[in-house]
Amino acid sequence: MFKRPQWVAFSAVTLAVLVLWNLPDRLAARVKIALGALFLPLFGLVGSAQHLAAEASRAVVPRAELERQLEALRRENLRLQLELTRAGAAFEENQRLRQLLAWRPAGPWQTRICSVLARDPEAWWQAIHIDAGARAGLRPGLPVVVPEGLIGRVDRVAPTTAEVVLLGDPRCRVAVVVRETGETGVLTTRSSGMGDPRLVDLTHLPRHLAVQPGQTVFTSGLGGVFPPGLPVGTVVDTRSVGYGLYSEARVRLYADPSRLREVIVLLP
Amino acid sequence: MNRARLILLLVLAYLAVFFQAAFDWPQRWLGGPISLLPPLMVCAALRLGLTEVTVLALCGGLWLDALSANPLGTSLLPLFLAGWGVWRWREALLRELDYAQLILGACASLAVPVLTLVLVLSKGAEPSLGWHTAWHLVVLTVGGAVCTPLLFRLLERLERLFVHPEIVAGSFRPDREIKRGRY
């Protein structure tokens, strides 16, 4: 059935697969980073093109519209400055009280705003690539947020890029707490429904559930990966599973993983 | 093997992987991604040789795995099997017809992700699966089917632009020339 060239081709591909599958994890990660670096010029080109397009669109906006936006931004800036002053005072008070109680002081997180370069091309992984890496101080496990709330964590880090695993991917499990009831659970995978990609499952909830739809979910800080208090989403519905032995809920994320342009990495 | 054809094919594969990763509008509009590598593999298998199919599977698969969370090397075998299957029976296929290209593109676009998923699961990875995966497969299949005839035409046009036609040896032989003149 097979002629010699077909055997050679089959053997070459099978051998390549076997060799690649049996590479040590670190070497495989390095090969991936090296191969992924081949796409950096194109990602840079797309970034520049988007920047130019944004500049061009700004050039055709009427002056009156720009002045209106400027005024709105000035007002927002004033409001935010006031809030920042209040938050600073509250933070200092918090640190002072922690010292009085001999608690470990919670260090302030530094932020790094990053642009999204690409998404994982396979449909069954929820991940993105961002334009900052080890040279910018990123390392695996750092939390990634957007203004609406938590979005994921840094997974694989290259010198100038990093892969962020998004909420809903099985590799990104988050310990969370329902603010209104104080019940803790683990945010696991994307909900199996066909519709909203923002729906994720909240598991490991207690049997006698007090959680109601509409309640808010925050990170609990358990596990030490994510700082406590980051907003995650709201409870959509609850259900009893395992013949009533425990409960699960569906949570609608505040942040939309399908519409990410910029993300913020929290650096300790 | 024509090197220019192979280079053209690899450039298209590189761009196909890049577009799949960099542009998320199919995901937002259709609810699932569109992969151009299986349609490209069908085009390569119908128009070119086994060497090109093998090189495309190796390079395309590696590039795709580099940008995805798949274990490195997972996409190689499904791509190669799809290409080899089409290449093996291409003489029996009506490859110039759009309909045939459409069907082959659909089959390859369905088979490649399903086989890749099987390999990913067999490696012990935990991908995000559910009813949405079924919809993703539908989008991949239909998208791949529509893209195959378009890629076929694009490849033909690019070959006309960049690849020199092979020189066909004429039937003229100087040693058989009848020389006329005075004896």
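The values are calculated or read from the model by the stated rules, or taken from the named source; none is laboratory data. Model, not experiment: these values are computed from the prediction. Neighbour counts are summed over all protein chains in view; Cβ atoms, including those assigned to glycine, are modelled from backbone coordinates with ideal geometry. To get the accessible areas, we keep the full protein, side chains included, count just its heavy atoms, and leave off ligands, DNA and RNA. Shrake-Rupley method; radii C 1.70, N 1.55, O 1.52, S 1.80 Å.
Summary table
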quantity: Any hit, the stretch A:221-228, residues being of a type in the set (A, V, I, L, M, F, W, C), exposed (fewer than 15 other Cβ atoms within 10 Å of the Cβ) and either within 14 Å of chain B (Cβ to nearest Cβ) or more than 13 Å from residue A:177 (Cβ to Cβ) (or both); calculated: no
quantity: Conditions (1) assigned to a strand (DSSP E or B); (2) at negative phi; number of the one not met by residue A:227; calculated: (1)
quantity: Residue selected from the stretch A:24-37 under the condition hydrophobic (A, V, I, L, M, F, W, C) and more than 7 Å from chain B (Cβ to nearest Cβ), by the criterion most open to solvent (accessible area, probe 1.4 Å); calculated: A:27
quantity: Any hit, the stretch A:179-187, residues being closer than 18 Å to residue B:68 by Cβ and in contact (Cβ under 8 Å) with a residue 60 or more places away in the chain; calculated: no
quantity: Which listed residue, of A:55, A:92, is within 29 Å of the chain's Cα centre (by Cα), at pLDDT below 90, open to solvent by 90 Å² or more (accessible area, probe 1.4 Å) and more than 30 Å from residue B:79 (Cβ to Cβ); calculated: A:92
quantity: Sole residue being under 28 Å from residue A:157 (Cα atoms), more than 14 Å from chain B (Cβ to nearest Cβ) and aliphatic (A, V, I, L, M), chosen from A:90, A:54, A:59, A:136; calculated: A:136
quantity: Odd one out for residue A:171 among (1) closer than 25 Å to residue B:32 by Cβ; (2) not in a loop (DSSP other than H, G, I, E, B); calculated: (2)
quantity: Residue that is within 22 Å of residue B:81 (Cα to Cα) and open to solvent by less than 50 Å² (accessible area, probe 1.4 Å), where the choices are B:163, B:118, B:139; calculated: B:139
quantity: Qualifying positions in the stretch B:80-100 - at pLDDT 90 or above and in contact with a Pro (Cβ under 7 Å, 6 or more places away or on another chain); calculated: B:82
quantity: Flag for residue A:260 being buried (at least 18 other Cβ atoms within 10 Å of the Cβ) and within 14 Å of chain B (Cβ to nearest Cβ); calculated: yes
quantity: Enumeration of residues in the stretch B:75-109 that are in a loop (DSSP other than H, G, I, E, B) and within 9 Å of another protein chain (Cβ to nearest Cβ); calculated: B:75
quantity: Flag for residue B:37 being within 11 Å of chain A (Cβ to nearest Cβ), under 13 Å from residue B:82 (Cα atoms) and free of Cβ contacts under 8 Å to residues at least 40 places away in the same chain; calculated: no
quantity: Search result, residues across the stretch A:58-78 that are of a type outside the set (A, V, I, L, M, F, W, C) and at pLDDT 90 or above; calculated: A:67, A:68, A:69, A:71, A:74, A:75, A:76, A:77
quantity: Subset of the stretch B:40-74 [of a type in the set (Gly, Ala, Ser), open to solvent by 10 Å² or more (accessible area, probe 1.4 Å) and more than 7 Å from chain A (Cβ to nearest Cβ)]; calculated: B:49
quantity: Selection status of residue B:148, within 30 Å of residue A:190 (Cα to Cα) and either β-branched (Val, Ile, Thr) or in contact with a Gly (Cβ under 8 Å, 6 or more places away or on another chain) (or both); calculated: no
quantity: Lone qualifier among B:171, B:122, B:109, B:128 - being touching a strand residue (DSSP E or B) at 6+ places or on another chain (Cβ under 6 Å) and polar (S, T, N, Q); calculated: B:128
quantity: Top-ranked residue in the stretch A:5-23 [being at the interface with chain B (Cβ under 8 Å from one of its Cβ atoms) and of a type in the set (Gly, Ala, Ser); ranked as surrounded by the most Cβ atoms within 10 Å (Cβ to Cβ)]; calculated: A:9
quantity: Qualifying residue in the stretch A:52-68 (condition: under 26 Å from residue B:71 (Cα atoms), part of a helix (DSSP H, G or I) and of a type in the set (Asp, Glu)); calculated: no
quantity: In the stretch B:110-131, the residues that are of a type in the set (Gly, Ala, Ser) and away from chain A (no Cβ under 12 Å); calculated: B:111
quantity: Exclusive hit being assigned to a strand (DSSP E or B) and surrounded by 11 or more Cβ atoms within 10 Å (Cβ to Cβ), set A:156, A:139, A:98; calculated: A:156
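Yes/no per residue for (1) surrounded by 22 or more Cβ atoms within 10 Å (Cβ to Cβ); (2) modelled with pLDDT under 90; (3) assigned by TED's automatic domain parsing to the domain that holds residue A:240:
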| residue | (1), (2), (3) |
| --- | --- |
| A:133 | no, no, yes |
| A:146 | no, no, yes |
| A:163 | yes, no, yes |
| A:189 | no, yes, yes |
| A:196 | no, yes, yes |
